[in-house]
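Some notes on the structure that comes next.
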Amino acid sequence: ALPIWKMMKKALLILAGAALLAGCSCKTGPQTLCSSYRGVLPAADAAGIVTTLTFDSNGRYLERTDYLGKTDGVFNEHGNYNIKNNIITTVNAAGETDYYRLEKNQIRRLDNRKKVIDGSLADAYVLPQTAGCVPFGNVIK
């Protein structure tokens, strides 16, 4: 039979290991998002920018922007995204970066320092969630 102190030592080691595992978020791989968001963002030279952002579960995104009142104001771009600490970072094919904060049923456009845009238009930088996973098909190669 084992002395009592050895049994207690084993029990403590098992408990310590269990506590470490319980405190671990243990995520494997990068965090991804699979949903679409749509809203009208403010614009300096248009009535607004109808913006649709769609994220897939493979770290890719599509963005469609339609500058209201502009005849040549529709743009489509795509690229990759990642999420860290509820901040979505999008990087398009030209290497341009935008930031969004992931919130409940919506995302919020952030400035280039990853800070919330404040002031009288602060609530205008929110894009509500419109759909869950939407397959991209072969749109992005």
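The values are calculated or read from the model by the stated rules, or taken from the named source; none is laboratory data. All of these numbers come straight from a predicted model, not from anything done at the bench. Positions of Cβ are backbone-derived with ideal geometry, glycine not excepted, and every protein chain shown enters the neighbour counts. In case anyone asks, the SASA skips ligands and DNA or RNA and just uses the protein heavy atoms, side chains included. Shrake-Rupley method; radii C 1.70, N 1.55, O 1.52, S 1.80 Å.
Of the numbered criteria (1) surrounded by 17 or more Cβ atoms within 10 Å (Cβ to Cβ); (2) at pLDDT below 95; (3) under 25 Å from residue 122 (Cα atoms), the one residue 50 fails is (2). Note on the stretch 53-87: residues that are surrounded by 15 or more Cβ atoms within 10 Å (Cβ to Cβ) and not in a strand (DSSP E or B) total 3.
Counting just the residues of the stretch 88-107 that are in a strand (DSSP E or B) and open to solvent by 30 Å² or more (accessible area, probe 1.4 Å), which one comes out nearest to residue 126 (Cα to Cα)?
Among those residues, the one meeting the criterion is 106.
Here residue 44 meets the list (1) assigned to a loop (DSSP other than H, G, I, E, B); (2) surrounded by 11 or more Cβ atoms within 10 Å (Cβ to Cβ) almost entirely, failing just condition (2).
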